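The next block holds one structure in the form of structure tokens; read it before the comments.
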Amino acid sequence: MRAKSGGAVFRLLIASVANRFLSRARRASGSLPCVAAGVALVWGGSLGAWAQSDVVLDADAASLKSGRLEFQFQTAAGNPADFQIWRSEALGAEGIWEVVAAATVEAVSEGLFRGTLPLSGGSREFVRVLRVGLPPIGLAPVLNEVMSDNVSAHAVGAGGYLDWIELFNPHDEAVNLEGYGLSDDILQPDRWTFPVRVMQPGGYLIVYASDATPPLPVGGGVLLAPFGIRNSGETLVLSDPFGREVDRVILPPMNADQSLGRVPDGGAPWHLYAKAQVSPGVENGAVSDGAVVFPPEFSVDGGFHDQPLEVRVTTHEPGGVVHFTTDGSEPTGLSARSDGPLAV
């Protein structure tokens, strides 16, 4: 939207907001390292726009009235006291955000609010809406089975084979997945968001995953996330509509047509399944290739380093410990134990 005020042209760019930083800005512009989403009022400039799922701002309802910016936003739930309006003269490292004490938020109707604030008169100004009152995390499904290299185990559509992720609803109530995020990047939990889709109690849901361009045809009603799953191992994250993580799984390296699944459905232990044992969309079987011991995580990537550093090695196994050696030999239970950072 473009408008004029006092002879100056400004462009008002609208983005949806929640109470978290918007990691997708990193790939939208190298000059914007992780910025908070919001309403951006740019005098004589331009800025990319992004979207999130919680708050939706209406560009057509924004206007200047006697030196005050007025805009409307919608959200599924909340009261005027749940929101604050913040401003900054810059984004990124140079940005200093402060709450606008003179700003007001009022309810227009159910789920519709009006924000108003005085403009500071600077050469450019960025404004965001911050939700300070979030509802508690509600019932959510869990990641239940994953296949990262589907060669011939499970076909979708006209004989295509795609990576897939199975969700399971362990609750005795239905769960609406609209706005939930699924991602292979913990810094971008809403890389793909669910449309309206209701999971019944004890129900299963398959999401296929492919980074092919253009997207592969999978037929109507089939859910397809725009990223592939590395068979060398990676982390998958499920988040609620406010970007809060509700489940994650760290995938180990898997062979073609192997899957990783919970036993029993929704339970804590993960097992590897061979091609004949995989069970997309139905109950995971008790027979598997065995329980999975996930590899430890290192705080520093491998490679050559010119300076001394500290390396932390952690395990996600309940009750697990890490043993290490410094001579290249295979660690055993008698090797030194890592209980803190290692000086290298």
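The values are calculated or read from the model by the stated rules, or taken from the named source; none is laboratory data. Note that the structure is predicted; figures quoted are calculated from it, not measured. Cβ atoms come from the backbone with ideal geometry, glycine included; neighbour counts cover every protein chain shown.
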**Report entry** Selected residue [small (Gly, Ala, Ser), surrounded by 15 or more Cβ atoms within 10 Å (Cβ to Cβ), assigned to a loop (DSSP other than H, G, I, E, B) and at positive phi] from 243, 221
**Finding:** 243
Query - Some residue of segment 211-226 being charged (D, E, K, R) and touching a residue at least 60 places away in the same chain (Cβ under 8 Å) - result: no
Report task. State whether one or more residues within segment 327-342 are part of a loop (DSSP other than H, G, I, E, B), without any contact (Cβ under 8 Å) to a residue 40 or more places away in the chain and surrounded by 15 or more Cβ atoms within 10 Å (Cβ to Cβ). Result -> yes
Query - Single match in 267, 228 (criterion: within 21 Å of residue 194 (Cα to Cα) and part of a loop (DSSP other than H, G, I, E, B)) - result: 228
Query raised in the report: Quick one: what pairs do we get from segment 261-285, first residue free of Cβ contacts under 8 Å to residues at least 40 places away in the same chain and of a type in the set (D, E, K, R), second part of a loop (DSSP other than H, G, I, E, B) and surrounded by 15 or more Cβ atoms within 10 Å (Cβ to Cβ), C-beta under 6 Å, 6+ apart or different chains?
Result: 283/265
Report task. Quick one: which residue in 339, 327 is of a type in the set (D, E, K, R) and at pLDDT below 80? Result -> 339
Requested in this report: Give the residue that is farthest from the chain's Cα centre (by Cα), with candidates limited to residues of segment 161-195 that are polar (S, T, N, Q) and more than 21 Å from residue 210 (Cβ to Cβ).
Outcome: 169
Report task. Sort out which residues of segment 211-264 are in contact with a Leu (Cβ under 8 Å, 6 or more places away or on another chain), within 12 Å of residue 149 (Cα to Cα) and among the hydroxyl-bearing types (Ser, Thr, Tyr), and write them in order of number. Result -> 259
Query raised in the report: Among (1) under 28 Å from residue 269 (Cβ atoms); (2) out of contact with any helix residue (DSSP H, G or I) (no Cβ under 6 Å at 6 or more places or on another chain), where does residue 188 come up short?
Result: (1)
